[in-house]
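Following: one structure in structure tokens, then a few remarks.
The values are calculated or read from the model by the stated rules, or taken from the named source; none is laboratory data. Everything quoted here is computed from the prediction, not taken from an experiment. With ideal geometry, Cβ positions are generated from the backbone for all residues, glycine too; neighbour counts draw on all protein chains shown.
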Amino acid sequence: STVGCVDDPSTLGRWDARFLWHPWSASVPAEPRLMLVAGDGCDVVDVGGRRFLDARGGLFNATVGYGRSEVVKAIREQTAALMTYGLGAASTPPVVRLAAQLAELFGRPLTRTLFVNSGSEATEAAVKIARWYHALRGEPSRQVILSLADGYHGTTASAVAMTRLEATRSGVAPLPEGFVTVPTPRCVDCGRGSLHGDCVVPGPQTVEETIVRLGPGAVAAFMVEPVLGVGGIVPLPAGYLMAVRRICDEHGVLLIVDEVLTGFGRTGAWFAHQAAGVLPDLVTTAKGLAAGYVPLAAVTARQGVFDVFAADPVVGGLRHGHTTSGHAVAAAAALAVLQVIADNDLVAHAAEVGATLLGRLRADLGRVPGVREVRGHGLLIGVQLDSVVRAAAVTAACQRAGVLVRQQKEVVAVAPPLIVTSAQAARIADTLTQATTDTAETMS
Ligand code: PLP
């Protein structure tokens with residue numbers, strides 16, 4: 001067969017249309033899809049040789065950029081030595097090292113890590129762990145998982161049941177039970193950006209009211225993103241996480257922070273919950289962990305949560321996992337990624353370049369018609385426009401100008417690799433401003 005050798009663009013395009021089932025995508029896309037063949041630094045290159053500045057970092061996951069030789073070397077060496085071995089039966093050095101490295105980054109008592117393969121799997125595992133935790137401690141009635149209505153935690157069954165996003169929910173009933181949402185606090189409705197006495201946005205009290213309404217001993221956990229990603233790059237109001245931590249403590253509810261998108265420097269801190277001064281019971285991570293080089297995700301738990309599982313009646317531990325949970329090659333890649341981030345001080349860099357980029361976008365886009373708000377933390381920035389059509393037009397115009405941004409409904413999201421230079425950030429700002437201004441003219 002010659003199938004494996006085909007590389008001419010037109011055949012690849014035809015086969016793409018004929019054989020591939022793209023996730024989250026129209027069966028017949030309005031525009032031909034990019035066929036990407038290479039990448040280096042912050043750029044990706046299509047099959048025709050055209051270069052794009054990837055201001056969306058893949059799916060927000062390419063934090064150390066493309067073609068990073070340290071990561072490639074680590075993957076090659078581990079693949080040659082031992083690709084992996086199931087962690088139900090044995091251990092491998094890269095996985096042990098990575099778990100220890102994460103314990104150091106999170107700090108005590110967040111010391112125990114379970115590895116899985118995607119953010120959605122991390123959500124599923126966290127939900128089960130929370131429910132089991134209470135059951136093992138003699139409170140099996142604590143089943144309900146609370147989350148924000150506009151949150152996003154993935155596309156597996158529990159993750160879908162956790163939010164009100166129509167795109168993921170419609171047509172897949174019956175969904176699993178035991179999930180209740182609370183209203184999303186959106187500061188764009190008020191403008192102050194933090195909790196205050198006469199807040200009009202639904203604050204942490206809605207979490208407490210729901211816990212009380214459902215009754216004592218009903219709620220297992222509250223799961224939340226520090227910055228809603230798919231929900232539109234919506235940072236939680238300052239003080240919100242701290243307040244829900246206190247509420248969770250008062251009512252015996254676990255706090256699960258979903259750092260799948262925000263973790264590993266994206267928001268200008270190693271982890272957004274650390275910047276908020278909050279200690280979760282469980283943290284889920286994925287995207288920035290192996291930075292797109294291989295699939296890898298994790299649930300990191302407080303030591304006290306882990307300890308409870310020794311009482312499990314069946315295996316005396318956790319009854320959950322996948323064949324490739326803790327894949328050795330993925331762990332080796334992640335170790336190299338974390339080393340790149342540390343060696344190059346990319347967390348501080350993301351904070352600095354991100355603040356400049358946010359400032360520029362606020363100044364330049366502030367007076368452009370159709371722009372409602374520019375917001376974000378670090379290198380996770382959202383430009384909220386007044387319509388989905390305008391956001392789609394701006395996103396397409398940026399791509400024509402050689403810069404890839406991501407549209408999430410009426411929001412244009414900007415999240416370049418953390419290695420983005422000041423010059424590249426300036427180009428992103430210029431391109432986005434030009435595209436938004438041109439679109440405002442044609443749409444007025
Ligand atoms: N949680 C958050 C905050 C996410 O942004 C995502 C993915 O975008 C997920 C969970 C699900 O991760 P995955 O797509 O790897 O299943």
Inset, instruction - Please list, ordered by first then second residue, the pairs with beta carbon atoms under 7 Å, 6 or more apart or interchain, first in segment 338-363 and small (Gly, Ala, Ser), second in a helix (DSSP H, G or I) and at pLDDT 95 or above. - result: none
Legend entry - Among (1) of a type in the set (Ser, Thr, Tyr); (2) under 27 Å from residue 73 (Cβ atoms); (3) buried (at least 24 other Cβ atoms within 10 Å of the Cβ), the one test that residue 436 misses: (2)
Legend entry - Among (1) surrounded by 19 or more Cβ atoms within 10 Å (Cβ to Cβ); (2) assigned to a loop (DSSP other than H, G, I, E, B), the one test that residue 257 misses: (2)
Legend entry - Selection status of residue 420, among the aliphatic types (A, V, I, L, M) and part of a loop (DSSP other than H, G, I, E, B): yes
Legend entry - Residue satisfying condition, being in contact (Cβ under 8 Å) with a residue 24 or more places away in the chain and of a type in the set (Gly, Ala, Ser), within set 173, 130: 130
Legend entry - Number of the exception - residue 337 against (1) surrounded by fewer than 19 Cβ atoms within 10 Å (Cβ to Cβ); (2) not assigned by TED's automatic domain parsing to the domain that holds residue 409: (1)
Inset, instruction - Search segment 227-249 for residues that are within 18 Å of residue 284 (Cα to Cα) and pair each with any residue that is part of a helix (DSSP H, G or I) and β-branched (Val, Ile, Thr) when their beta-carbon atoms are under 7 Å apart and the residues are at least 6 apart or on different chains. - result: 244/207
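Of the residues 304, 263, which is within 12 Å of the ligand (Cβ to nearest atom) and either buried (at least 24 other Cβ atoms within 10 Å of the Cβ) or not in a strand (DSSP E or B) (or both)?
263
Report, by residue number, each residue of segment 131-179 that is basic (Lys, Arg), more than 16 Å from the ligand (Cβ to nearest atom) and in a loop (DSSP other than H, G, I, E, B).
137, 142
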Inset, instruction - Mind counting the residues in segment 102-158 that are of a type in the set (S, T, N, Q) and within 15 Å of residue 296 (Cα to Cα)? - result: 5
Inset, instruction - Would you check which residues across segment 270-286 are in a loop (DSSP other than H, G, I, E, B) and within 16 Å of the ligand (Cβ to nearest atom) and list them? - result: 271, 276, 280, 286
Legend entry - Only one of 329, 294 that is farther than 25 Å from residue 139 by Cβ, under 21 Å from the mean Cα position of the chain (by Cα) and either surrounded by 24 or more Cβ atoms within 10 Å (Cβ to Cβ) or within 16 Å of the ligand (Cβ to nearest atom) (or both): 294
Inset, instruction - Answer yes or no: is there a residue in segment 360-368 that is within 20 Å of the chain's Cα centre (by Cα) and at pLDDT 95 or above. - result: no
Legend entry - Qualifying positions in segment 89-124 - of a type in the set (A, V, I, L, M) and in contact with a Ser or Thr (Cβ under 8 Å, 6 or more places away or on another chain): 98, 99, 102, 103, 110, 114, 116, 122
Inset, instruction - Select from segment 251-273 the residues that are free of Cβ contacts under 8 Å to residues at least 40 places away in the same chain and not β-branched (Val, Ile, Thr) and list them in ascending order. - result: 255, 259, 263
Inset, instruction - Identify the single condition in (1) more than 16 Å from the ligand (Cβ to nearest atom); (2) surrounded by fewer than 23 Cβ atoms within 10 Å (Cβ to Cβ); (3) at pLDDT 95 or above that residue 186 does not satisfy, given that it satisfies every other one. - result: (3)
Legend entry - Enumeration of residues in segment 68-87 that are surrounded by fewer than 13 Cβ atoms within 10 Å (Cβ to Cβ) and among the small types (Gly, Ala, Ser): 69, 80
Legend entry - Residue tally, condition away from the ligand (no atom under 16 Å from the Cβ), touching a strand residue (DSSP E or B) at 6+ places or on another chain (Cβ under 8 Å) and not aliphatic (A, V, I, L, M), over segment 69-119: 5
